[in-house]
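Q: Could you have a look at this structure, given as structure tokens, before my questions?
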Amino acid sequence: MDGILNINKPAGMTSYGVVARVKRWSGERRVGHAGTLDPDATGVLPVCLGQGTKVVEFMVDAAKTYRAMIELGVTTDTYDSSGKVTGKSDPSCVSRQMVEIVLGSFRGAIRQTPPMYSALKHQGRPLYELARAGINVERQSRLVHIYRLEIIDWQPPVFTIEVECGRGTYIRSLAHDLGEALGCGASLAGLVRAKYGPFKIEEAVTLPRLEESFRSGDWQKYIYPIDNVLQGYDAVTLDEAAEKSMRNGSVIDLKSETDKKYLRVYSVDGRFLGVLQRVPDKDVWQPKKVLG
């Protein structure tokens, strides 16, 4: 049972809760998700099974697309509707044109400070634990990338944006920062992840349908191949001797013109073998992930 599921996570459930259900239904011990969604958020949650868990680390850099509902005039301690309201103001003076102008400063490479209510750790403790205890700590801002940001619906005081972004972007922080820039405050009223790498919400399976498929035995139709998330890397085929070397953890001498750090690797009969990593400053490659 090796591969990746594209699951449409429902609201009111943690990402780990989805993983726990898949473990129970599938009987597979090795199950993990890529890219945590907040409990109130819905949409694409890739869940890796079996040897599919070996490629989770290669998925985190994939671009993600979100549809976010933002409410003007309301701020909360969590930056979204699940938190305690910390402020209210009248946003009636804010026009769509004003928002469009402000959005321009949030496109491209920007600095963003993660929210206190997040899973990031401070001295070994998750920030959300400290926040719940009433402890606020200084967080370092970090560079994130917003590739696309546009308004797709305008129903003031709520408007919806579509965001295509890179690793580490907090949409809750984006909503909060937009409110600060507009001078009226804002918070996230709803969030849907529409795309994660190659996975789209239109093709995602719901949990009730997935549970039914495990019971009926046709779950295989929802499993994507492990190498589906590695299509951005060049591919190479190894002969039997090189495959044996890879499985033994030996360095492999390959002539490859790729400028990528990794290569996806196949056997002569088309089996996906894993991932090779370039040895710095050398034209040789070492095993990074080897599938059994």
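The values are calculated or read from the model by the stated rules, or taken from the named source; none is laboratory data. Everything quoted here is computed from the prediction, not taken from an experiment. Note that we place each Cβ from the backbone using ideal geometry, even for glycine, and neighbour counts take in every protein chain shown.
Q: Test Tyr128 against the stated conditions and say whether it is modelled with pLDDT under 95, buried (at least 17 other Cβ atoms within 10 Å of the Cβ) and among the aromatic types (Phe, Trp, Tyr). Lay out the reasoning, then the answer.
A: On the way: modelled with pLDDT under 95: yes; buried (at least 17 other Cβ atoms within 10 Å of the Cβ): no; among the aromatic types (Phe, Trp, Tyr): yes.
No, not satisfied.
Q: Does segment 60-74 contain at least one residue that is in contact (Cβ under 8 Å) with a residue 24 or more places away in the chain, under 27 Å from Gln231 (Cβ atoms), crowded, with 18+ Cβ neighbours inside 10 Å and touching a Gly at 6+ places or on another chain (Cβ under 6 Å)?
A: Yes, because at least one residue in segment 60-74 is in contact (Cβ under 8 Å) with a residue 24 or more places away in the chain, under 27 Å from Gln231 (Cβ atoms), crowded, with 18+ Cβ neighbours inside 10 Å and touching a Gly at 6+ places or on another chain (Cβ under 6 Å).
Q: I'd like the residue in segment 158-176 that is of a type outside the set (A, V, I, L, M, F, W, C) and more than 19 Å from Lys84 (Cβ to Cβ) and, out of all such residues, is surrounded by the most Cβ atoms within 10 Å (Cβ to Cβ). Show your work before the answer.
A: Start the filter on segment 158-176 by keeping residues that are of a type outside the set (A, V, I, L, M, F, W, C), which leaves 160, 162, 164, 166-170, 172-173, 176.
Retained after the next criterion (residues that are more than 19 Å from Lys84 (Cβ to Cβ)): 160, 162, 164, 166-169.
Working: Thr160: 17, Glu162: 16, Glu164: 17, Gly166: 16, Arg167: 13, Gly168: 14, Thr169: 22.
It comes out as Thr169.
Q: Give the number of residues within segment 114-146 that are among the charged types (D, E, K, R), in a loop (DSSP other than H, G, I, E, B) and either closer than 14 Å to Thr169 by Cβ or free of Cβ contacts under 8 Å to residues at least 12 places away in the same chain (or both).
A: The initial filter retains those residues of segment 114-146 that are among the charged types (D, E, K, R), namely 121, 125, 129, 132, 138-139, 142.
If we keep only those that are in a loop (DSSP other than H, G, I, E, B) as well, we get 138-139.
Next cut, either closer than 14 Å to Thr169 by Cβ or free of Cβ contacts under 8 Å to residues at least 12 places away in the same chain (or both) only: 138.
Final tally of qualifying residues: 1.
Q: Would you confirm whether or not segment 95-107 contains a residue that is of a type in the set (Gly, Ala, Ser), in contact with a Leu (Cβ under 9 Å, 6 or more places away or on another chain), without any contact (Cβ under 8 Å) to a residue 12 or more places away in the chain and not in a loop (DSSP other than H, G, I, E, B)?
A: Residues of segment 95-107 of a type in the set (Gly, Ala, Ser): 95, 104-105.
Still in the list and also in contact with a Leu (Cβ under 9 Å, 6 or more places away or on another chain): 104.
Pick out the ones that are also without any contact (Cβ under 8 Å) to a residue 12 or more places away in the chain and you get 104.
When the remaining residues are screened for being not in a loop (DSSP other than H, G, I, E, B), the result is 104.
Yes: one or more hits.
Q: OK, next. Sort out which residues of segment 110-134 are touching a helix residue (DSSP H, G or I) at 6+ places or on another chain (Cβ under 7 Å), among the polar types (S, T, N, Q) and either over 18 Å from Asp80 (Cα atoms) or not assigned by TED's automatic domain parsing to the domain that holds Asp80 (or both), and write them in order of number.
A: Correct list: empty.
Q: Give the number of residues within segment 277-292 that are touching a residue at least 24 places away in the same chain (Cβ under 8 Å) and either touching a helix residue (DSSP H, G or I) at 6+ places or on another chain (Cβ under 7 Å) or not in a strand (DSSP E or B) (or both). It would help to see each step written out before you state the result.
A: Start the filter on segment 277-292 by keeping residues that are touching a residue at least 24 places away in the same chain (Cβ under 8 Å), which leaves 279, 283-292.
The next check asks that each one be either touching a helix residue (DSSP H, G or I) at 6+ places or on another chain (Cβ under 7 Å) or not in a strand (DSSP E or B) (or both); those that pass are 279, 283, 287, 289-292.
Residues meeting the conditions: 7.
Q: From Ala41, Ala68, which residue is closer than 23 Å to Leu149 by Cβ, of a type in the set (A, V, I, L, M, F, W, C), in contact with a helix residue (DSSP H, G or I) (Cβ under 6 Å, 6 or more places away or on another chain) and at pLDDT 95 or above? Quick ask: steps written out before the conclusion?
A: Numbers: Ala41 fails: in contact with a helix residue (DSSP H, G or I) (Cβ under 6 Å, 6 or more places away or on another chain).
Sole residue among the options that is closer than 23 Å to Leu149 by Cβ, of a type in the set (A, V, I, L, M, F, W, C), in contact with a helix residue (DSSP H, G or I) (Cβ under 6 Å, 6 or more places away or on another chain) and at pLDDT 95 or above: Ala68.
Q: Does at least one position in segment 1-14 carry a residue that is surrounded by fewer than 18 Cβ atoms within 10 Å (Cβ to Cβ), assigned by TED's automatic domain parsing to the domain that holds Arg209, within 19 Å of Val229 (Cα to Cα) and under 15 Å from the mean Cα position of the chain (by Cα)?
A: no
Q: Wholly within segment 150-269, which helices (runs of 4 or more DSSP H) include no fewer than the required count, namely at least 3 residues that are more than 21 Å from the chain's Cα centre (by Cα), modelled with pLDDT of 95 or more and in the same structural domain as Asp38 (by TED's automatic domain parsing)?
A: Details: elements: 171-182, 207-216, 240-247.
Where helices (runs of 4 or more DSSP H) fall fully within segment 150-269 and carry at least 3 residues being more than 21 Å from the chain's Cα centre (by Cα), modelled with pLDDT of 95 or more and in the same structural domain as Asp38 (by TED's automatic domain parsing), they are 207-216.
Q: Could you please find all residues in segment 75-94 being surrounded by 14 or more Cβ atoms within 10 Å (Cβ to Cβ), closer than 15 Å to Glu180 by Cβ and without any contact (Cβ under 8 Å) to a residue 60 or more places away in the chain?
A: Residue satisfying the conditions is Asp77 alone.
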